[in-house]
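Chemist: Mind having a look at this structure? Questions to follow.
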Amino acid sequence: MIQIDPIRFPTKHCERCGKTFTKTKKDSAKAWAGKKYCSVKCVNVGRIKKPLVERLLDGIEIVTETGCWIWMGAIDGSGHGKLGTRYKQANARAHRVAYEEFVVKLSPDECVVNKCGILMCCNPYHHAAKVYRRRPVAKIPKNLRTMTGMHVVIDGKRT
């Protein structure tokens, strides 16, 4: 039987499943001292998943002068607050989640428009629901159009 050196390869027992696991090369002494579980799966089993509304309220700070609920969490590229939905879905915008939870559920063709002008505001009463409409595309007969770069050529004239 092969003996494993306990100094070079220290072991611990997982607090969740009881499985024995060893220290890896990437574990520092401090990380190894605090390690209690053998895998990510065992770590996540004991976590309590908060509802989306609760996570939203944990991430806002209320400004009393303006009444704005400022999102203190992550923001997306356009400056709006974003809230991870965790369930293999895209991140939701914080102001939309607040509007849907406190005012009314929105259909996919509706968007939430900010009325106070502060992008990170999540106060649902500072927003309004609007129907999202795409700009109409000009109807050009196929025999008259050809694409050159980003311009449409109609009867020899660029538009």
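Chemist: Quick one: in the stretch 87-112, of everything that is touching a Lys or Arg at 6+ places or on another chain (Cβ under 8 Å) and closer than 16 Å to R55 by Cβ, which residue is least open to solvent (accessible area, probe 1.4 Å)?
Modeler: Ranking the qualifying residues of the stretch 87-112, first place goes to A94.
Chemist: Under 30 Å from F102 (Cα atoms) and open to solvent by less than 80 Å² (accessible area, probe 1.4 Å): is that true of G67 in this structure? Working first, answer last.
Modeler: Working: under 30 Å from F102 (Cα atoms): yes; open to solvent by less than 80 Å² (accessible area, probe 1.4 Å): yes.
Judged against the criteria, G67 is a match.
Chemist: Of all residues in the stretch 24-64, count the ones that are within 27 Å of the chain's Cα centre (by Cα), part of a helix (DSSP H, G or I), exposed (fewer than 11 other Cβ atoms within 10 Å of the Cβ) and among the hydrophobic types (A, V, I, L, M, F, W, C).
Modeler: The qualifying residues number 1.
Chemist: Six or more apart or on different chains, Cβ under 9 Å: which pairs go from a residue in the stretch 119-130 that's at negative phi to one that's of a type in the set (S, T, N, Q) and surrounded by fewer than 19 Cβ atoms within 10 Å (Cβ to Cβ)? Could you list them?
Modeler: L119/S78; C121/T66; C121/N114; N123/T66; H126/T66; H126/N114; H127/N114; A128/N114
Chemist: Scan the stretch 91-102 residue by residue and report those that are in contact with a strand residue (DSSP E or B) (Cβ under 8 Å, 6 or more places away or on another chain), hydrophobic (A, V, I, L, M, F, W, C) and farther than 14 Å from D76 by Cβ. Reasoning before the result, please.
Modeler: Residues of the stretch 91-102 in contact with a strand residue (DSSP E or B) (Cβ under 8 Å, 6 or more places away or on another chain): 91-99.
Still in the list and also hydrophobic (A, V, I, L, M, F, W, C): 92, 94, 97-98.
The answer is A98, and nothing else.
Chemist: Being over 25 Å from E54 (Cβ atoms) and at pLDDT below 65 is true for just one of K139, K115. Which residue is that? Outline the logic, then answer.
Modeler: Details: K115 fails: at pLDDT below 65.
Answer to the check: K139.
Chemist: Please determine whether any residue of the stretch 78-86 is surrounded by 13 or more Cβ atoms within 10 Å (Cβ to Cβ), touching an Asp or Glu at 6+ places or on another chain (Cβ under 6 Å) and at pLDDT below 90. Before the answer, list the steps.
Modeler: The initial filter retains those residues of the stretch 78-86 that are surrounded by 13 or more Cβ atoms within 10 Å (Cβ to Cβ), namely 80-85.
From the residues that got through so far, the ones that are touching an Asp or Glu at 6+ places or on another chain (Cβ under 6 Å) too are 82.
Pick out the ones that are also at pLDDT below 90 and you get 82.
Within the stretch 78-86, one or more residues are surrounded by 13 or more Cβ atoms within 10 Å (Cβ to Cβ), touching an Asp or Glu at 6+ places or on another chain (Cβ under 6 Å) and at pLDDT below 90.
The values are calculated or read from the model by the stated rules, or taken from the named source; none is laboratory data. Everything numeric in this text was worked out from a predicted model, so none of it was measured. Ideal geometry is used to build each Cβ from the backbone, glycine not excepted, and the neighbour counts take in all protein chains shown. For the accessible areas, the whole protein counts, side chains as well, though only heavy atoms, and no ligand, DNA or RNA atoms are used. Shrake-Rupley method; radii C 1.70, N 1.55, O 1.52, S 1.80 Å.
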